[in-house]
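Colleague: Have a look at this one before I ask anything.
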Amino acid sequence: MTPRDETGTIPTGPARSFQGLSSRPARARSTALGRADRRRRRPSPLRRRRRRAGRRAPRDLSLPATMRTTERVRAHGEVFTSPREVEAMLDLVADLAADPDARCFEPACGDGNFLVALLRRRLAAAKTRPGAELGDVARRALASLHGIDLLSDNVLACRARLLAVVQDTGVVDPASLSTIAALLQDRVVQGDALALLGDPAHPWRRQPVDVVIGNPPYQREDGGHGRSARPLFPAFVRLAKALAPRHVVMIVPSRWFAGGKGLRGFRDEMLADQRLRVLVDFEDATACFPGVDVAGGVAYFRWDRDDPGPCAITNVTGDDRSTSTRALDALPVLVRHATAAAIVQKVRARGEPSLSTQVSPRKPFGLDTRARPGHHGDDGDVRLRWQHGEGPFFRRDLKAGLPYVDRFKVCTSYVAFDHAGRPGKDGRRRVFSRLLVLPPGVVCNETYVVVGAFDTDTEARHLLSFLQTRLCRFLVAQAMVSHHITRDAYVFVPRVDVTRPWTDADLAARYGLSEDEAAFVAARIRPLPTEPAAGAVVSAPAATTAPLSSSTQAARGRRSGSRRPPSSPRQR
């Protein structure tokens, strides 16, 4: 390393010897090294240009797209809305969106996608009106727009974008921009909308609102096992209605239709509310939010304070759009397609009890997915079926489901085959990842759900044949809008006779399905790998049965009340 003096430069002259480094004179050598050292200390031209640009240009307030769709989704439940969906939602309230005096409020406004689009619409509408003074329209439009967001960078970006729209008109006096900026500080504020507007004494609560619009945060992780999350969007929808606006237009996850943690009460409220007049549903959320998986899809709606009635439901699947007008409370959950709802009604018309009454909870034996066989070596008096196979386990470690243990159990996977609960590229779903029969003495962890338990293998195989039919899987899919198949997903599935096997042809005749309805089911549910080609009679394949080893059979004769202290399942 080259030595330096107190000033940080390389010493030259006779005090510094460069013998052995070069044959040039000492002064020339020292001068050359000094220039080289200065070149090393001098920033590159590219770095100098970046520094100059950083001093001149304002900070970019927009957020990277990757951060919007990954980090912020996890941290704050944010999913930013694309311009196409923003415009489509504004079309639902087109007259008020173009009115510069209509008061619009966006809770959780993000960087202002809806507010910016509203301002642009109002300015564009003013240009078409003879005699309209654009500067006055801009000030009135800004005064009637309100937004709140939890994050300061979102608030700054929203204000900057709104101010930029006004500047782009070129009709506002530059001296007035400071006044407009001050107005924006009062209209777009940082805070928790649920806390601020939950207070009836808040000034914004005392002013009439025409439209509440937006894309609220969807959920917040609550620290549960498997990244359990608490839904946030119901609170924002309830807040919007509490403001008593003329219209509420919001885009939220579709999982409230039929399932979702903590959504039962919200679903009952929405289905009973006759002011929900328009609903546009996307089974595949990536059609709205590219790169973001929202299990069960997303939907936006329009709520009308003064015009109750039936709801116009539009379902979007790929390039297909279908619309039907019907009552939301005709069924206990919201079925997306009108044809599917008609099929469900035909099945329910026979008055058979629901299969959901006999389906186990999501942990049939009280064991979560961390339960493993073999934590006592090869010893055990039952066998445990888990994600990757089967092995010995002790009956005393079971926390539930003891009546199932010594019976033939028909099991399905708890997690659906279809990613995020959406159809494949062919528009069809498979629904179940696994279907199997567990013999007596074999139990399972949370990976599986027990659909039925029987004394004979024949009865179990007959129920298995029913679960393999397209109609059964179709009925499950109507009440399942996520990747989990809980007992609630079987609410439309009838409890059939298990003294005989079942095929789709048998079920179509039993429930009076028309050819078009049978074709509708076949177009949305793919055949299982063991089924024959489309159009052939569907037969029941052999059940997957796990045999018991001789050591396990001998162990089943032991006393289950051993004095050995109980142990917990081995961790991952």
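The values are calculated or read from the model by the stated rules, or taken from the named source; none is laboratory data. Note that this is a predicted model, so its numbers are computed, not measured. For neighbour counting, all protein chains shown are included, and Cβ atoms are generated from backbone atoms with ideal geometry for every residue, glycine included.
Colleague: Being farther than 30 Å from Arg510 by Cα, in contact with a Phe, Trp or Tyr (Cβ under 8 Å, 6 or more places away or on another chain) and surrounded by fewer than 19 Cβ atoms within 10 Å (Cβ to Cβ) is the requirement here; does Asp273 meet it?
Modeller: yes
Colleague: Could you tell me which numbered condition Gly170 fails, if it satisfies all but one of (1) of a type outside the set (A, V, I, L, M); (2) modelled with pLDDT of 90 or more; (3) over 18 Å from Pro107 (Cβ atoms)?
Modeller: Exception for Gly170: condition (2).
Colleague: Oh, and also: Among residues belonging to the range 343-366 that are of a type outside the set (A, V, I, L, M, F, W, C) and not in a loop (DSSP other than H, G, I, E, B), point out the one that is surrounded by the fewest Cβ atoms within 10 Å (Cβ to Cβ).
Modeller: Out of the qualifying residues, it is Thr357.
Colleague: Collect the residues in the range 216-240 that are touching a helix residue (DSSP H, G or I) at 6+ places or on another chain (Cβ under 9 Å), at pLDDT 80 or above and of a type in the set (Lys, Arg), keeping them in residue-number order.
Modeller: Arg238
Colleague: Filter the range 515-532 down to residues that are at pLDDT 95 or above and outside any helix (DSSP H, G or I), then give me how many there are.
Modeller: 1
Colleague: Looking at (1) surrounded by 18 or more Cβ atoms within 10 Å (Cβ to Cβ); (2) without any contact (Cβ under 8 Å) to a residue 60 or more places away in the chain, which is the one condition that is false for Arg246?
Modeller: All conditions pass for Arg246, except number (2).
Colleague: Before we move on, is Val431 β-branched (Val, Ile, Thr), out of contact with any Lys or Arg (no Cβ under 7 Å at 6 or more places or on another chain) and surrounded by 24 or more Cβ atoms within 10 Å (Cβ to Cβ)?
Modeller: For Val431, the condition - β-branched (Val, Ile, Thr), out of contact with any Lys or Arg (no Cβ under 7 Å at 6 or more places or on another chain) and surrounded by 24 or more Cβ atoms within 10 Å (Cβ to Cβ) - is not met.
Colleague: Looking at the range 390-403, is at least one residue on the phi < 0 side of the Ramachandran plot and crowded, with 23+ Cβ neighbours inside 10 Å?
Modeller: Yes, the range 390-403 contains at least one residue that is on the phi < 0 side of the Ramachandran plot and crowded, with 23+ Cβ neighbours inside 10 Å.
Colleague: If you don't mind, there's one more thing I want to ask. Given the conditions (1) more than 21 Å from Asp186 (Cβ to Cβ); (2) at pLDDT below 95, which single one is not true for Arg121?
Modeller: So Arg121 meets the others, but not (2).
Residue-wise test of (1) in a helix (DSSP H, G or I); (2) under 25 Å from the mean Cα position of the chain (by Cα); (3) surrounded by fewer than 16 Cβ atoms within 10 Å (Cβ to Cβ).
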{"site": "Pro130", "(1), (2), (3)": "no, no, yes"}
{"site": "Val137", "(1), (2), (3)": "yes, no, no"}
{"site": "Leu142", "(1), (2), (3)": "yes, no, no"}
{"site": "Asp168", "(1), (2), (3)": "yes, no, yes"}
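Colleague: Restricting to the range 466-503, name every residue that is among the hydroxyl-bearing types (Ser, Thr, Tyr), within 20 Å of Tyr404 (Cα to Cα) and within 34 Å of the chain's Cα centre (by Cα).
Modeller: Within the range 466-503, Thr486, Tyr490 meet the criteria.
Colleague: Answer yes if at least one residue in the range 501-510 is in the same structural domain as Gln387 (by TED's automatic domain parsing), surrounded by fewer than 18 Cβ atoms within 10 Å (Cβ to Cβ) and not in a helix (DSSP H, G or I), and no otherwise.
Modeller: yes
Colleague: Among the listed residues Arg336, Arg362, which satisfies the condition of being in contact with a His (Cβ under 8 Å, 6 or more places away or on another chain) and either free of Cβ contacts under 8 Å to residues at least 60 places away in the same chain or within 21 Å of Tyr490 (Cα to Cα) (or both)?
Modeller: Arg362
Colleague: Return the total of residues in the range 305-322 being in a strand (DSSP E or B) and surrounded by 13 or more Cβ atoms within 10 Å (Cβ to Cβ).
Modeller: 8
Colleague: Which ones in the range 313-340 are more than 30 Å from Tyr448 (Cβ to Cβ) and small (Gly, Ala, Ser)?
Modeller: Scanning the range 313-340 gives Gly318, Ser322, Ser324, Ala327, Ala330, Ala338.
Colleague: May I pose another question? If you go through the range 483-500, how many residues are touching a strand residue (DSSP E or B) at 6+ places or on another chain (Cβ under 6 Å) and either outside any loop (DSSP other than H, G, I, E, B) or not aliphatic (A, V, I, L, M) (or both)?
Modeller: 1
Colleague: Would the range 290-303 turn up any residue that is basic (Lys, Arg), outside the structural domain of Gly110 (by TED's automatic domain parsing) and within 24 Å of Thr81 (Cβ to Cβ)?
Modeller: Within the range 290-303 (the criterion being basic (Lys, Arg), outside the structural domain of Gly110 (by TED's automatic domain parsing) and within 24 Å of Thr81 (Cβ to Cβ)), the answer is yes, since at least one residue qualifies.
Colleague: Out of the strands (runs of 3 or more DSSP E) lying entirely within the range 368-436, which hold 3 or more residues that are assigned by TED's automatic domain parsing to the domain that holds Phe454 and at pLDDT 90 or above?
Modeller: So the answer is 382-386, 389-393, 408-413.
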